[in-house]
1. Return the residues of the range 76-92 that are open to solvent by 20 Å² or more (accessible area, probe 1.4 Å) and either among the aliphatic types (A, V, I, L, M) or in a strand (DSSP E or B) (or both); say none if nothing qualifies.
2. State the number of residues belonging to the range 144-167 that are in a strand (DSSP E or B) and of a type outside the set (D, E, K, R).
3. Any residue at all in the range 97-104 that is under 13 Å from Val60 (Cβ atoms), open to solvent by less than 20 Å² (accessible area, probe 1.4 Å), modelled with pLDDT of 95 or more and among the aliphatic types (A, V, I, L, M)?
Amino acid sequence: MFRPAQGLLLAMALAAPASASYIMTPLSAGLHQRDVAWGQSFALDIVITSDVSDTHTSAVFQVRFTQPGLVLTNYQWDAPYQTGSIFDDSKPAFADLPMPITPSTLQGGAYPPGLNDLELSNVLIGANYGQGTIVRLNFTVPSNYGYTGPIFISLNPDQIASGFNEVPTTAGQVFRLNVAEIPAPGASFLFFSIAAASFARRRR
């Protein structure tokens, strides 16, 4: 449901200057892309950086995907944000995970129809947040996913604010997830190398 306070923050965002202090970027292991296969899992970090010493007390933003069906299995807010608290209004809710991300994940109200997206929303009381990995999201690619190719993951910084003051924020580079039906040969070799080394250590 669209709330008056959201309307106020949205109006403030539209009136904000084009230059931004915050940049929010999706990364995995510090990279802008990675390869995964059906049945595999990966972590996506939402990293927030600033060209000045900005802080904020609330964050609302959407994560968008060019293909549906990736399963959100877990997410973890960075402290002092609390995951699953009464102030965590993320959709899907932490208690409802795991859940596939489809156009029905966010619908109605001010949400644009037809998008594969989720929303992260949280508020701090008596604390603030500066920079870092504000949220880590964990996903699984279904073993029968049925799609191979790139999935582009982007951010929509909706309302990043310090109290009632908007902190100008822009989205960083789009993340590329390369999905294959089976693991790439290099990934398989690395897996078996690690497994063999682990087995050798246990036999010593």
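1. Result: Gln76, Ala79, Ile86, Lys91.
2. Count: 14.
3. No, that holds for no residue.
Okay, residues lined up against (1) outside any strand (DSSP E or B); (2) surrounded by 13 or more Cβ atoms within 10 Å (Cβ to Cβ):
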| position | (1), (2) |
| --- | --- |
| Gly109 | yes, no |
| Ser121 | no, yes |
| Gly126 | yes, no |
| Pro142 | yes, yes |
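Results for (1) within 22 Å of Gln131 (Cα to Cα); (2) under 14 Å from the mean Cα position of the chain (by Cα); (3) open to solvent by 70 Å² or more (accessible area, probe 1.4 Å), shown as yes or no for each residue.
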| position | (1), (2), (3) |
| --- | --- |
| Ser28 | yes, yes, no |
| Gly39 | no, no, no |
| Asp54 | yes, no, no |
| Arg64 | yes, yes, no |
| Gly69 | no, no, no |
| Asn74 | yes, yes, no |
| Phe94 | no, yes, yes |
| Gly114 | no, no, no |
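The values are calculated or read from the model by the stated rules, or taken from the named source; none is laboratory data. Computed from a predicted structure; not experimentally measured. Note that we place each Cβ from the backbone using ideal geometry, even for glycine, and neighbour counts take in every protein chain shown. Heavy atoms of the whole protein, side chains included, go into the accessibility calculation; ligands, DNA and RNA do not. Shrake-Rupley method; radii C 1.70, N 1.55, O 1.52, S 1.80 Å.
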